[in-house]
Amino acid sequence: MIRASAVDLIGRTPLVALDRIHRGPGRVVAKAEFLQPGGSVKDRAARAIILAARKDGRLSPGAPVVEMTSGNMGAGLAVVCAALGHPFIASMSAGNSPARARMMEGLGARVVLVPQVDGLPGRVTGADIAAAAEVARRIAHEEGAFFVDQFNAAEGITAHASTTGPEILEQVGGPVDGWVAAVGTGCTFMGVARALKAANPLTLCAAVEPEGSRPLAGEPVVKPGHIIQGTSYGAVPPHWDASLMDLSIPVTDDEVRDWHRRLAVEEGLYVGLSAAANVCAAAKLLESGRLAEDATVATVLCDTGLKY
Ligand SMILES: Cc1ncc(COP(=O)(O)O)c(C=O)c1O
C-alpha cells in the first residue's frame with residue numbers, strides 16, 4: 001500500500017505489551033506513538049487542527065502557521081506543514097531539549113527560543129509556557145500567521161477520540177479496564193478517555209501527575225519543576241473535562257528515571273520521560289487492587305528518547 005504523503009503516516013500505531021517490566025497483576029499495553037513521522041503522539045493533533053483549519057478557510061493554501069510548543073507539537077506541525085506547503089514558525093521555551101529545535105529546523109521550520117521565566121533547563125514551568133505562548137500570539141498578529149493554539153483547539157481532543165481511542169479498542173479486541181496518560185494540553189487523555197468510556201463506562205481513567213504538582217488532583221502546587229517534559233504545567237488545562245478523570249496517580253522524578261531506563265534495557269523501547277511516567281503509573285494502577293487480577297491497562301509511549 002502506498003500512502004499519499006507523510007500526513008498519511010500519522011496514526012495507526014502498533015500496540016505493544018509491556019510484559020517484561022510489568023509481570024502482573026494484569027497487563028500494560030502501550031501505543032507506540034514514537035513511531036509517527038514527527039516522533040510523537042502530538043502528530044495526531046497537529047494533523048487534525050491543520051486539516052480542519054484548511055477545510056473551514058481559517059488557513060489558506062500556502063499561508064504561514066505559528067505555534068507555541070514544547071517541541072513535539074512543533075515537530076508534528078513541521079511535518080504536516082512541510083507536506084502541505086505551509087511555512088511554519090515555532091516558539092519554544094529554551095528549557096525544552098535542544099534536540100527538539102534541531103528536528104523542527106531540519107524540517108524547515110523557523111524556531112524562536114523563548115528565555116525561561118522561572119524554570120530550569122529540562123524543567124519547564126507554566127510561566128515558561130505562558131511566555132512562549134505570548135511570543136506565538138505576537139508572531140501570529142505581526143505576520144498574519146494561523147495560530148494553532150493547541151491548548152484551546154477542540155480538534156486536538158477529537159483527533160484522539162476518533163483515532164487513538166478506537167485503535168486501542170480494535171487492537172485489544174474490546175473494552176479495556178484502565179487508561180493512563182500524563183497531561184499537557186490534555187487532548188490525548190481526554191480524547192482517548194472519551195472513546196474508551198463510550199465503549200465501557202467502567203473503564204477507569206487515570207491522569208498522571210508529578211509529585212508536588214498535582215492540580216488535577218485538586219492539590220496546591222508546591223513543586224512546579226519536574227522532568228516530565230511536555231506535561232504538567234502546574235495548572236488545569238483550559239478545556240479540561242474533569243468528568244473524564246476517575247483518579248490522578250502521582251509519580252516522582254526518580255521513579256520516572258528508573259522506568260525510563262527499564263523500558264529501554266528490559267523492553268528495548270528507548271522512549272521519552274512522559275512515556276516512562278505513563279508506564280510507571282499504569283503499573284501502579286494495576287498494583288493498587290482497584291482492578292481485577294487479569295485487567296488490561298492501556299497507555300501511550302508518547303515520544304522517542306532521541307528527543308532528549
Ligand atoms: C513528550 C510529551 N508527552 C506527553 C504530552 C501530552 O500530550 P497532550 O498535550 O495531548 O496532553 C506531550 C505534549 O506536548 C509531550 O510533548
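The values are calculated or read from the model by the stated rules, or taken from the named source; none is laboratory data. Bear in mind that the values here come from a model prediction, so they are computed numbers and not experimental data. Cβ atoms come from the backbone with ideal geometry, glycine included; neighbour counts cover every protein chain shown. Surface accessibility is based on the protein's heavy atoms, side chains included, excluding ligands, DNA and RNA. Shrake-Rupley method; radii C 1.70, N 1.55, O 1.52, S 1.80 Å.
Only one of 195, 283, 275 is closer than 20 Å to residue 69 by Cα, assigned to a helix (DSSP H, G or I) and in the same structural domain as residue 19 (by TED's automatic domain parsing); which? I'd like the intermediate steps shown before the answer.
On the way: 195 fails: closer than 20 Å to residue 69 by Cα; 283 fails: closer than 20 Å to residue 69 by Cα.
Within the list 195, 283, 275, the selection yields 275.
Name, by its number, the condition in (1) assigned to a strand (DSSP E or B); (2) away from the ligand (no atom under 12 Å from the Cβ); (3) closer than 22 Å to residue 13 by Cα; (4) of a type outside the set (S, T, N, Q) that does not hold for residue 207.
It is condition (2) that residue 207 fails.
Being hydrophobic (A, V, I, L, M, F, W, C) and in contact with a helix residue (DSSP H, G or I) (Cβ under 6 Å, 6 or more places away or on another chain) is the filter; apply it to segment 61-72 and report the residue that is nearest to the ligand (Cβ to nearest atom). Let's see the steps before the verdict.
Filtering segment 61-72 down to residues hydrophobic (A, V, I, L, M, F, W, C) leaves 63, 65-66, 68.
Then drop every residue that is not in contact with a helix residue (DSSP H, G or I) (Cβ under 6 Å, 6 or more places away or on another chain), which leaves 65-66, 68.
On the way: 65: 17, 66: 16, 68: 11 Å.
Out of the qualifying residues, it is 68.
Restricting to segment 137-151, and then to whatever is open to solvent by less than 50 Å² (accessible area, probe 1.4 Å) and assigned to a helix (DSSP H, G or I), can you tell me which residue is nearest to residue 193 (Cα to Cα)?
First, pick out the residues of segment 137-151 that are open to solvent by less than 50 Å² (accessible area, probe 1.4 Å): 139-140, 145-151.
From the residues that got through so far, the ones that are assigned to a helix (DSSP H, G or I) too are 139-140.
Values: 139: 34, 140: 32 Å.
By that ranking, first place goes to 140.
Counting only residues that are assigned to a helix (DSSP H, G or I) and either acidic (Asp, Glu) or without any contact (Cβ under 8 Å) to a residue 24 or more places away in the chain (or both), how many does segment 152-192 have?
The number of residues fulfilling the criteria is 3.
When you scan segment 154-163, do you find a residue that is within 12 Å of the ligand (Cβ to nearest atom), crowded, with 24+ Cβ neighbours inside 10 Å, closer than 19 Å to residue 296 by Cα and at pLDDT 95 or above, even just one?
Among the residues of segment 154-163, not one is within 12 Å of the ligand (Cβ to nearest atom), crowded, with 24+ Cβ neighbours inside 10 Å, closer than 19 Å to residue 296 by Cα and at pLDDT 95 or above, which makes the answer no.
Looking only at segment 283-305, count every residue that is under 16 Å from the mean Cα position of the chain (by Cα) and aliphatic (A, V, I, L, M) and tell me the total.
Counting residues in segment 283-305 that are under 16 Å from the mean Cα position of the chain (by Cα) and aliphatic (A, V, I, L, M) gives 3.
Would a scan of segment 39-60 turn up a residue that is in contact with a Cys (Cβ under 6 Å, 6 or more places away or on another chain) and away from the ligand (no atom under 16 Å from the Cβ)?
no
Can you tell me which residue is nearest to the ligand (Cβ to nearest atom) among those in segment 277-301 that are open to solvent by 10 Å² or more (accessible area, probe 1.4 Å) and more than 17 Å from residue 255 (Cα to Cα)?
Only one residue tops the list, namely 296.
I'm checking my understanding of the structure. Among residues of segment 210-234 that are within 23 Å of residue 301 (Cα to Cα) and either among the acidic types (Asp, Glu) or out of contact with any Ser or Thr (no Cβ under 9 Å at 6 or more places or on another chain) (or both), which one is farthest from the ligand (Cβ to nearest atom)?
211
I'd like to verify a number: residues in segment 39-62 that are without any contact (Cβ under 8 Å) to a residue 60 or more places away in the chain and open to solvent by less than 10 Å² (accessible area, probe 1.4 Å), how many?
Number of matching residues: 1.
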